[in-house]
Amino acid sequence: MTTTTARAVPVRKASRRGTGGTVSNGWRRNKGDFKIALLFIAPAMIGFIVFFLVPTIRGIYLSFTEYSILGDPEWIGAKNYEAIAKDPLFWNALWVTVQYVLINIGLQTVLALGLALLMQRVAKSTLIRGSLLLPYLMANVIAALLWFWLLDYQIGIVNHLIDAVGLPKVAFFGSEQWAIPTQALINTWRHMGYTALLIFAGLQAIPGHVYEVANLDGANPWQTFWRITMPLLRPVIVLVLVVTVIGSFQVFDTVAVTTQGGPVNASRVLQYYIYQRAFTESDFGYGSALAVILFVILALVAFIQMKFLRGNESDLD
Amino acid sequence: MKKKAAGALAAAAAAVLALSACSNASGGTSSEEAKGEINYWLWDANQLPAYKQCAEDFQKANPNITVKITQRGWDDYWSTLTNGFVAGTAPDVFTDHLSKYPEFIKNKQLLSIDDAVKKDNVDLNVYNKGLADLWVGEDGKRYGLPKDWDTIALFYNKKMAADAGITEEQMKNLTWNPQDGGTYEKTVAHLTVDKNGKRGDEAGFDKNNVAVYGLGLESAGSGQGQTQWSFLTATTGWTHTDKNPWGKHFNYDDPKFQDTIKWWAGLSEKGYMPKLETTVGASVADNFAAGKAAINSNGSWMIGQYTGYKGVEVGIAPTPTGPNGKRASMFNGLADSIWAGTKKPAAAAKWVEYLGSAACQDVVASKAVVFPAISTSSEKAAAAFKAKGVDVTAFTQHVDNGTTFLFPIADKAAKVDGIMKPAMDSVVSGKQPASSLTAANEQVNNLFK
C-alpha cells in the first residue's frame, strides 16, 4: 500500500508542477493576449451578467420591497424578513423541504453507489448501463405525472395490486404522511441512474493496481470497499452530494404537477411556497425574500459539505 | 459551488426581471376607427366551436376587423394573462372571472366599457337579473358584458338510485339541515354500499370497505365551496362576506357555517363520502363514471361531461331544501373584458358588444354547453339541452325561482384562497375541528385591515 502511494505521488506532483509552469510562463510572455482573451470571455461574461448577476442583485433588492409586479416596488426595509421569521408556513416549508432532501438524497446516494459498483463489476454491457439512464431522460413533469396516475388511489394500478394482495390501499399523494416520501421516491427513481453514472466515472478513476495490491495483501471485498473504494471515491461523492443536495432543495415541478402543496401543508416545499407567494398571490417582494433565504441556506450547505468532507482534495495525492 | 446556487436563484430572479419590464399601457380614444386584428382568449375548450362561429359571423358584419381566438386551460390561463399584462402581450379581449377581476381593476388592467355601452345603447336588461351588475367595480365603472352563468345541482346515477328504491320524485324533493342531514343524508346513506353489499343505513355496514359512496367528494372547496357546500350553507342564512360584492369582512367564524362544515365532513367519517386524502388524482366526475359514487354536486358547466359518459345513465336533481325552506345555488357569471393596454379599443369594444348580443349568445345556446347570459338565449340553451335528451330544470329553476346568491366578489381572492384552502382541507380530512376555522377567519380578515 505505502509503496504504491509513494510511487504514485511524485509522478502526479511533477506533472502538476509542469503544467502550472507553462501557464504562468505563457502569461508573462503574452500579456498582449489579454484583450483577445477578454473577447473570448465576453459571450459567457455577458450571459453571466445579464442572466445571473443582475437578476440576483435585483432579486435581493426586491426582497426589501413590497411589489405586486403590476405596480412599482415600494421600499419597506427588512419587513419581509421579519414577517418570514414569524410565518408558520415558512418554517413548515423549511421542515418539509428538509424531510424531502433527507429521504431523497439518502436513498439516492446509497442506491446510486450500489448501481455504480454493479456497473463496474457485473453489468459491463453498454445496453444495460445505458438503460439505467432512461428515467433521467424523461422530463421531470412527465415522470411525476406518470407516477401520479400509477399511484392514484382509486384507479391506479399500484393500489390495484396492493388491494389484490389484500393489503389496505395507500393514498400516496393524498395522505399527509405519504405525500413527501412518495415524491422523494419518484425523484430518487428518476435521478438514481444519472447519479450512478457520476459515481461510476469516479470508480473508474481509481487506479487498478491499488486493488491488485489489496488483493495480494489478502483484503476481503468488504475491507476493500471500506478501506480503498470509499476513501478514494470521496471527492467524487462530495461533488455528487453537493450537486444533488442543491438540486433536491429546489424540488418544485413534481409538487406543482401533483399535490400543489397539499394535503393541507404537507408538501408545501420552499420553492413551491416561493412560487405561491410570488406568482399566485402577486407578492413578489415576499417571494424574493424567501428566495434569498433559500440562497443563503444552499450556500451554507454547500460550504459545510466542502469544508467537512474535504471535497477539494484527493487521497490519491 | 456557490456559483451553482447563485445561478439557481438568479434563474428565479430572471423570471422576476422578465416580468417586471413595465408596460405603461393606456386606453385609446373612442374616436379611433374600429379595425385591425383583435386577440381574444377563453379557457373552456368545450365552448371554442361556438365562439369560432361567433367570430366568423362578426367578421362578416365587420370586414375591417379580424378576431383571433386562443384557448388555454384554466391553470395556464391566469398566469399567462398576468404575464401578458406586464409584458404588453395580453389579449385585447378575454373571458374574465369574478374571483380575478377585482385585482385587475386595482392594478388598472381593465378598460371600462361605460362609454361604449352608452354610445351604442346596449340594453343591460336583456341579461338574467343581477348578471350585468356583477361587473360594476367598486369605482362604479363597468368592466365587462355578461356572457354566461352557472348554477349547482346534483348529478346522480339513475341505476343506483333505482336499485336502492329511490324514486325520481324523492331525488327532486330532498331536504337538509345541519343537525341530522335530513332526507339528503338518509338518501346518501342509503346509496352507499360496502364491499359485502350492505347499505350505509343497514346494521353491519363496514365503513372502512366501501364500494360505492353515496356522495362523491371533489375537494374541501377552499373558501368558496362553490360546488361542494355553498348550496347548503346559504340555506342557513349564512353569507361568505358582510356584503356582496366588495365585502370587507368574512364570516367563516359563524356557527351556522361551522355546523354545516362539521356535518359535511362527518359524512367522510361515517363512510358515506370518500376521505379527502383519496381524492388527489382522478377527477370526481371520472370516479362517478367509474361507479365509485352515486351522487355528485357539481356545476352546470359539467352537464356535457356527466351526460357524455357511455354506459352511465345520469339524472339531474336540484339541490336540497334547507332550514329556511328554500333551495339555494351559487350564481356565477362570466364576462368578456377589455385589457387596458389594447391598441384597438374601438374594435375591442365592438367585439365585446357582439359577444354580449343575442346574435352570438344564441349561437352559443344552440351548442348546448353552457347557459348564455341573455334570458331569451338561456331559454334557447335549455331547449337545445332538451333536444339532446338532457333535462336541465334543476339548474334553471334556481334562476326562475330567485333562489340564487351571487359568487362572493372581494379583493385579495388569491390570498384568501391561500389561507382557506389548507384550513378547509384540515377540517374535511378530520385533522382539525370545524372550530379551527375561526382562527383562519381571523387571518383572512386581517388581510383587509
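The values are calculated or read from the model by the stated rules, or taken from the named source; none is laboratory data. Keep in mind the model is a prediction, meaning the values are calculated, not measured. Cβ: placed from backbone, ideal geometry, glycine included. Neighbour counts: every protein chain shown.
Annotations
- Number of positions in the range A:29-64 that are more than 11 Å from every other protein chain (Cβ to nearest Cβ) and in a loop (DSSP other than H, G, I, E, B): 4
- Counting only helices (runs of 4 or more DSSP H) that sit wholly inside the range A:242-317, those with at least 3 residues that are farther than 21 Å from B:W78 by Cα are A:284-308.
- Pick from the range B:286-307, criterion within 12 Å of chain A (Cβ to nearest Cβ) and outside any loop (DSSP other than H, G, I, E, B), ranking: surrounded by the fewest Cβ atoms within 10 Å (Cβ to Cβ): B:D286
- Scanning the range B:100-126 for residues that are among the basic types (K, R) and in contact (Cβ under 8 Å) with a residue 40 or more places away in the chain returns B:K100, B:K106, B:K108, B:K119.
- Restricted to the range B:385-449, the set of helices (runs of 4 or more DSSP H) holding at least 1 residues that are modelled with pLDDT of 90 or more and within 19 Å of the chain's Cα centre (by Cα) comprises B:393-401, B:413-428.
- Checked against (1) in contact with a helix residue (DSSP H, G or I) (Cβ under 8 Å, 6 or more places away or on another chain); (2) within 14 Å of chain B (Cβ to nearest Cβ), A:T109 passes all but a single condition, namely (2).
- Those residues of the range B:425-449 which are of a type in the set (A, V, I, L, M, F, W, C) and in contact (Cβ under 8 Å) with a residue 40 or more places away in the chain, in sequence order: B:V427, B:V428, B:A434, B:L437, B:A440, B:V444, B:F448
- Taking (1) surrounded by fewer than 20 Cβ atoms within 10 Å (Cβ to Cβ); (2) over 25 Å from B:K380 (Cα atoms) in turn, B:I113 satisfies each apart from (1).
- Screening B:S219 against (1) more than 12 Å from chain A (Cβ to nearest Cβ); (2) part of a loop (DSSP other than H, G, I, E, B); (3) of a type outside the set (F, W, Y) leaves a single unmet condition, (1).
- Residue match in the range B:63-78 (condition: surrounded by fewer than 15 Cβ atoms within 10 Å (Cβ to Cβ), small (G, A, S) and closer than 25 Å to B:F371 by Cα): yes
- With respect to being assigned by TED's automatic domain parsing to the domain that holds B:K262 and either closer than 24 Å to B:A132 by Cα or among the hydrophobic types (A, V, I, L, M, F, W, C) (or both), B:V392 falls outside the description.
- A:F308 meets each of the listed conditions (1) within 9 Å of another protein chain (Cβ to nearest Cβ); (2) out of contact with any His (no Cβ under 9 Å at 6 or more places or on another chain) apart from (1).
- As for the range A:262-282, it holds no residue that is within 10 Å of another protein chain (Cβ to nearest Cβ), more than 29 Å from B:E277 (Cβ to Cβ) and among the aromatic types (F, W, Y).
Matching residues to (1) of a type in the set (D, E); (2) assigned to a loop (DSSP other than H, G, I, E, B):
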| residue | (1), (2) |
| --- | --- |
| B:D180 | yes, yes |
| B:H190 | no, no |
| B:Q224 | no, yes |
| B:W246 | no, yes |
| B:S268 | no, no |
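Yes or no, residue by residue, for (1) of a type in the set (V, I, T); (2) surrounded by fewer than 20 Cβ atoms within 10 Å (Cβ to Cβ); (3) more than 25 Å from A:F252 (Cα to Cα); (4) touching a residue at least 40 places away in the same chain (Cβ under 8 Å):
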{"site": "A:G71", "(1), (2), (3), (4)": "no, yes, yes, no"}
{"site": "A:F90", "(1), (2), (3), (4)": "no, no, no, yes"}
{"site": "A:A112", "(1), (2), (3), (4)": "no, no, no, yes"}
{"site": "A:L115", "(1), (2), (3), (4)": "no, no, yes, yes"}
{"site": "A:L118", "(1), (2), (3), (4)": "no, yes, yes, no"}
{"site": "A:Y136", "(1), (2), (3), (4)": "no, yes, no, yes"}
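- One residue from B:G27, B:G36 being away from chain A (no Cβ under 12 Å) and modelled with pLDDT of 85 or more: B:G36
- Filtered by the rule that a residue be modelled with pLDDT under 95 and β-branched (V, I, T), the range B:168-189 gives no residues.
- Subset of the range B:142-156 (residues that are in contact with an Asp or Glu (Cβ under 9 Å, 6 or more places away or on another chain) and either in contact (Cβ under 8 Å) with a residue 40 or more places away in the chain or among the small types (G, A, S) (or both)): B:Y143, B:G144, B:L145, B:P146, B:K147
- Within the range B:269-284, being at negative phi and within 12 Å of chain A (Cβ to nearest Cβ) holds for B:P274, B:K275, B:L276, B:E277, B:T278, B:T279, B:V280, B:A282, B:S283, B:V284.
- Within the range B:170-205, if we keep just the residues that are among the acidic types (D, E) and in contact (Cβ under 8 Å) with a residue 60 or more places away in the chain, the residue that is surrounded by the most Cβ atoms within 10 Å (Cβ to Cβ) turns out to be B:E185.
- Exclusive hit being more than 14 Å from chain B (Cβ to nearest Cβ) and at pLDDT 90 or above, set A:A179, A:A116: A:A116
- Where A:A256 falls short, out of the listed (1) surrounded by fewer than 20 Cβ atoms within 10 Å (Cβ to Cβ); (2) closer than 26 Å to A:L151 by Cβ; (3) within 9 Å of chain B (Cβ to nearest Cβ); (4) touching a residue at least 12 places away in the same chain (Cβ under 8 Å): (3)
- Any hit, the range B:55-74, residues being at pLDDT below 75, under 30 Å from the mean Cα position of the chain (by Cα), assigned to a helix (DSSP H, G or I) and within 14 Å of chain A (Cβ to nearest Cβ): no
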